[in-house]
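The values are calculated or read from the model by the stated rules, or taken from the named source; none is laboratory data. Bear in mind the structure is a predicted one, so any value in this text is a computation, not a measurement. Cβ sites come from the backbone with ideal geometry, for glycine too, and all protein chains shown count toward neighbours. In case anyone asks, the SASA skips ligands and DNA or RNA and just uses the protein heavy atoms, side chains included. Shrake-Rupley method; radii C 1.70, N 1.55, O 1.52, S 1.80 Å.
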Amino acid sequence: MKLPIVALVGRPNVGKSTIFNRIVGSRMAIIEDTPGVTRDRIYGEGTFNNYRFNVIDTGGIDVAKELFNDEIRVQAELAIDEADVVVFVVDGKEGITPNDIEVRDMLRKAKKRVVVAINKVDSKSYLEHEYDFYELGFSEYIPVSGESGSGFYELMEAITKDFKPLEDEEDTRLKFSVVGRPNVGKSSLINALLNEDRVIVSDVSGTTRDAVDTVMKYNGEEYVVIDTAGMRKKGRVYESIEKYSLLRSMQAIDRSDICLLVVNAEEGIIEHDKHIAGYVLEKGKGLIIVVNKWDTVSDKTTTNDFLKLIRNEFQFITYCPVVFCSALTKKRVHMIMPEIIKVGENIKREIKTSVLNDVVMDAYQLNLPPSYKGKRLKIFFTNQSGTKPPKFTFHVNSKKLVHFSYERYLENKLRENFELEGTPIILQFKNKDES
């Protein structure tokens, strides 16, 4: 059953993201005392009693004609259109403003059920504006404090009063994130995959600051897409907002099964691309390299030329598939989802123990490990001990005799014999008497 959707809307800096974080139970939305920080729709999941529902946080709607405001308004309208319940967040400290009237008019046209959350009621100035908000003309008003949490039980009761309880179900949908440094075309790529403008796209570097979860359907199956903020080098992260964004990008990688590392074909590969790939590898996630903006590359440069460059620069992830595409023209974008599905199967691949041991023993006999001080590594038995990513445990006479070059040899042999493209694999060595 589809989860109900709750959208949080309001003007900038009224505390929507603080309320969002309380509802979903984590610091998913960026909180900063700067108007306009949350610009795209941010998705999370909330629970209350026996109810589960999706929550959307939106950018603040401002009548001023400034950069992003038109896009933010469209995003908010899309969120309202998706929602079953809209929580209209207002600032109890400041009272009604022209921007609140603008949001009210949007909600009246939408004809959705609206709960007005009067935030910051712990402020002394709230008493001056306590009754002003009833002029907005809605029927449900809940005084709350996003900071202290007061009034939240009543707010959750109001939000969920028409929801149907759902039994807990494990989310088995494949989750993939789109990662890369700023302005390589991540948001454009997601829009091309979704075939709709779900994420704000702009030529201004760093537009996407939060990670945005979106559910997409492909060949009848549901997938969760996580669009991350552009990752910057730690030394170049000046604003605290950017620090949050980097943290969020890393958290998005943690939540993913697979990462699409987007590389800008115009600029080529730089050191920071390798750092991001290294972080994905460190977290044991499936990885696909997507070379975007291929339409801008000179005709003299072939995919084979660029592929050689990738293999040379990313020598530690030669197992990753590479897709060349243009998010702008949508050329070859259709090749991405089949790769995601293939890597999704590989990260959870299970190999029969007898077949695994046949391959390992053949590799061992073909190339015996070097002896050290008269002792040679012996492999007694191998079993698969995990998935996501596949993990293999080698039971040996002494793990101290395992040289990194021989470990790499064994990994290569496993990759030669089994379909493991796109996934890291973990090799663990245990002494025979080790529990």
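Assorted remarks:
- Mean Cβ count within 10 Å, highest first, over the residues of peptides 294-305, 417-428: 417-428, 294-305
- Amide H contacts of E45: V55, each under 5 Å away and 5 or more positions distant or on a separate chain (H built 1.01 Å from N in the peptide plane; Pro and chain starts excluded).
- Segment T296..E77, full-extension length gain: 75.5 nm, with 0.36 nm per residue of separation and the alpha-carbon distance subtracted.
- Net charge in the neighbourhood of L420 (other residues with Cβ under 13 Å of its Cβ; Lys, Arg +1, Asp, Glu -1) is +1.
- Summed side-chain charge close to W294 - residues other than W294 whose Cβ falls under 13 Å, Lys, Arg +1, Asp, Glu -1: -1
- Cross-link pairs K285/K378; K217/K330; K186/K300; K373/K432 - those with Cα-Cα distance over 27 Å: K285/K378
- Rounded FRET efficiency, nearest 0.05, which uses the C-beta distance separating K217 from Y131 and R0 of 35 Å: 0.15
- Using the Karplus relation 6.51 cos²θ - 1.76 cosθ + 1.60 with θ = phi - 60°, the per-residue 3J(HN,Hα) values for region 73-80 come to 4, 4, 4, 5, 4, 5, 5, 4 Hz, with x marking Gly and Pro.
- The order of S17, S385 by accessible area, most exposed first and with a 1.4 Å probe, is S385, S17.
- Inter-label distance for F380 and K399, nm, one decimal - labels placed 7 Å from Cα along Cα-to-Cβ: 1.4 nm
- Per-residue SASA entry for E94, accessible area with 1.4 Å probe, Å² rounded to 10: 100 Å²
- Listed by chain and number, the lysines whose C-alpha is less than 24 Å from the C-alpha of K112, apart from same-chain residues fewer than 8 away, are K2, K16, K161, K164.
- Cα-projected label distance for E157 with S371, points at 7 Å along beta-carbon direction, nm: 8.0 nm
- Solution diffusion estimate, µm²/s, Stokes-Einstein, region 299-378, Kirkwood Rh from C-alpha pairs, 4 °C, viscosity 1.567 mPa s: 76 µm²/s
- Sorted on the mean count of surrounding Cβ atoms within 10 Å across their residues, most packed first, peptides 50-59, 284-293 read 284-293, 50-59.
- Packing-based order for 252-260, 72-80, 145-153, using average beta carbon neighbours within 10 Å, highest first: 252-260, 72-80, 145-153
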